[in-house]
Amino acid sequence: MTDREQGAGSGAIGAAADVVARRIGSLQPRVAIVLGSGLGSVADAVQSAIRIPQSAIPGFPKPAAPGHKGELVAGTLEGVPVLVLSGRFHLYEGHSPQVAALPVRVFARLGIRTLVVTNAAGGIRLMFRPPNLMLIADHINLMFRNPLEGPIEEGEQRFPDMSDPYDRDLRALAREVALQEKIALEEGVYAALLGPSYETPAEIRMLQRLGADAVGMSTVPEVIVARARGIRCLGFSSITNVAAGLSAAPLSHEEVLAAGTQVAGQLATLIRGVLVKL
């Protein structure tokens with residue numbers, strides 16, 4: 001039975017949104033933030049926080065990836081009402097693209113108009129010196145799956161324009177904040193692969209030729225659905241390691257989590273700075 005048959009469609013969206021709406025009461029969130037591996041501490045900065053275990057939200061599976069706490073946090077950041085998802089769902093866990101993108105569909109149902117996505121990624125661009133941050137300018141979907149497959153969900157475009165997946169104006173704000181806060185912020189293209197194995201050196205050479213600057217295993221399904229719903233997107237990659245073949249050191253998820261922790265403070269500063277300027 002597919003995830004959609006198990007309730008990843010319209011029924012699950014409405015049921016999940018109803019539960020979240022009841023738990024957050026009068027709060028009307030404007031921005032949603034999705035946190036990647038090792039970046040969960042960003043949720044700790046939320047004020048007047050309402051913490052909802054993902055297990056309490058219909059259709060939300062328990063995150064299995066280390067470094068994903070498994071809760072939805074509602075409250076305010078810099079006076080802006082927000083929802084912060086600390087624990088996303090990955091295709092490599094066996095979930096469909098529809099389930100991976102279910103939180104974004106719930107966010108849209110709750111009135112969110114701006115989505116900030118973060119992830120941990122391997123650095124392909126040779127000038128990267130991890131750990132550092134990359135502003136996502138564009139992406140390459142090498143998962144070969146799309147969350148818009150199947151029947152059209154209410155409120156979504158069948159053929160959304162993806163010429164500007166990561167909003168140009170929001171990126172300009174992020175660069176402005178980085179300059180003000182003296183945070184080194186590269187900008188580049190994120191390639192999403194299925195995982196969970198890391199890429200081979202030959203695959204990294206292929207990605208270099210395709211124009212990718214960083215590689216990871218998430219984010220793209222969420223952004224595709226957000227754009228189909230008319231939601232503006234801003235994305236950051238925490239470059240936690242150099243990709244396979246670019247260093248003699250073996251890759252490990254423990255390294256990813258440790259490096260993510262090192263740049264989490266800078267990422268929180270960037271996100272809060274953008275929120276102030278919205």
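A short reminder: the numbers here are calculations on the coordinates, not readings from a lab. Small disclaimer: the values here were computed from a predicted structure and weren't measured. Every residue, glycine among them, receives a Cβ derived from its backbone with ideal geometry; neighbour counts consider all protein chains shown.
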26 Å tail of the calculated P(r), the chain, as % of Cα pairs: 37 percent
Classify region 72-123 as rounded, prolate or oblate, taking a ≥ b ≥ c as the square roots of the eigenvalues of its Cα gyration tensor: rounded when a/c is under 1.5, otherwise prolate if a/b is larger than b/c and oblate if not. oblate
What is the sum of charges around Ala191, taking Lys and Arg as +1, Asp and Glu as -1, for the other residues whose C-beta is under 13 Å from the C-beta of Ala191? -1
If you build a Gaussian network model of the chain, linking Cα atoms that sit under 10 Å apart, which residue out of Pro165, Pro58, Pro151 swings the most? Pro151
For region 127-140, what does the Karplus curve 6.51 cos²θ - 1.76 cosθ + 1.60, with θ = phi - 60°, yield as ³J(HN,Hα) per residue in whole Hz, taken in order and with x for Gly and Pro? 7, 5, 10, x, x, 8, 10, 10, 7, 7, 8, 6, 9, 10
Spelling it out for Cys233: with amide H atoms placed in the peptide plane at 1.01 Å from N, the residues 5 or more places away or on another chain with amide H under 5 Å from its amide H are Leu115, Asp167
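Work out the length of the dipole vector of region 150-234 about its Cα centre, built from +1 on the beta-carbon of each Lys and Arg and -1 on the beta-carbon of each Asp and Glu, and round it to the nearest 20 debye. Kindly include the intermediate steps, with their values, before the conclusion.
On the way: 10 positive and 15 negative charges, 32 e Å.
Computed about the Cα centre, the dipole is about 160 debye.
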Please list 3J(HN,Hα) in residue order for region 261-272, calculated via the Karplus relation 6.51 cos²θ - 1.76 cosθ + 1.60 where θ = phi - 60°; whole Hz, with x for glycine and proline. 5, 5, 9, 4, x, 5, 5, 4, 4, 5, 5, 5
The long-range amide H neighbours of Ala191, using H built 1.01 Å from N in the peptide plane and a cut-off of under 5 Å, are Ile140, Asp213, Ala214, Val215, Gly216
In a Gaussian network model of the chain with springs linking alpha carbons closer than 10 Å, the residue among Arg209, Arg175, Arg30 that fluctuates most is Arg209
Choice from Pro131, Pro53, Pro221 with maximal GNM fluctuation in the chain (Cα, 10 Å cutoff): Pro53
By the mean-Cβ-within-10 Å protection proxy, highest first, 76-83, 267-274 rank as 267-274, 76-83
log10 I(q)/I(0), Debye, Cα-only region 1-157, no solvent, q = 0.17 Å⁻¹? -1.07
